[in-house]
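What follows draws every value from the coordinates through simple rules; no lab data is involved. What you are looking at is a predicted structure, and each value in this text was computed from that prediction instead of being measured. Using ideal geometry, Cβ is built from the backbone for each residue, glycine included, and neighbour counts are taken over all protein chains shown.
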Amino acid sequence: MIDIRILRGDEAHHRIDELATVLHDCVTKGASVNFMNPFSMTEARDFYTATAGAVARDELVLFAALDNDRVVGTCQLVPAKKPNQPHRADLAKLLVHSNYRNKGIGASLLAAADQEVKRRGLKLVTLDTALDTAERLYERAGYIRAGVIPNFALWPDGGYCDTVYFYKWFE
Ligand SMILES: CC(C)(COP(=O)(O)OP(=O)(O)OC[C@H]1O[C@@H](n2cnc3c(N)ncnc32)[C@H](O)[C@@H]1OP(=O)(O)O)[C@@H](O)C(=O)NCCC(=O)NCCS
């Protein structure tokens, strides 16, 4: 039974190692999520240490999927800071450990993010993803494909990777 919930305050700090393990698994298995291989657990921990700091400052909402009280998936909702975008947030770092994929965890994390978007009265969520990786997932969740930028980033093992932008408007 997978438990999807928001990690608040100290819990994000306590689960840095578990979150880092998921990120490390994804990057070392080829996910283009800002990092390059070789990718160490130290780098992964550094990323989630910074994330936990942002949670403590209320700058982002960190979601986790837990199996037996261990993080196996995660995503983030990052409300825009710009004064003219109070209605917008970015969805970022949707990651599911490779041992737990194709069970609906990614979709459940997106559904939890949707709930929080509505609770906060936000109207627009934007995201970008490496072409092909999660496109069907986002489209099923109601995201609209805005366009592709060729060669935007690199795959973690090298080679250009196209990026596709999505958005979702909440009535
Ligand atoms: C993209 C990612 C988050 C998807 O996570 P996931 O938990 O596997 O997602 P879901 O299980 O909800 O959906 C994946 C597929 O499994 C299918 N599925 C869902 N539940 C299922 C079940 N019970 N039985 C069989 N298949 C199922 C879905 O229909 C979907 O099919 P599709 O590939 O044809 O679209 C995951 O692959 C990942 O972490 N990838 C690496 C990181 C990455 O690239 N993230 C995106 C960055 S923006």
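Some observations on this one:
- Among 3-11, 46-54, the order from most to least packed when residues are scored by Cβ within 10 Å on average: 46-54, 3-11
- Extension gain from His13 to Asn37, taking 0.36 nm per residue of separation minus the Cα-Cα distance: 6.1 nm
- Entry note, the chain: relative contact order of 22 percent, from Cα contacts under 8 Å with a spacing of 6+ residues.
- About its Cα centre, the range 1-110 has a charge dipole of approximately 380 debye under the convention of +1 per Lys or Arg Cβ and -1 per Asp or Glu Cβ, with nothing else charged.
- When each of the peptides 150-162, 67-79 is scored by the mean number of other C-beta atoms lying within 10 Å of its residues, the order from highest to lowest reads 67-79, 150-162.
- Each other residue within a Cβ distance under 14 Å of Ala89 adds +1 if Lys or Arg and -1 if Asp or Glu, for a net charge of +3.
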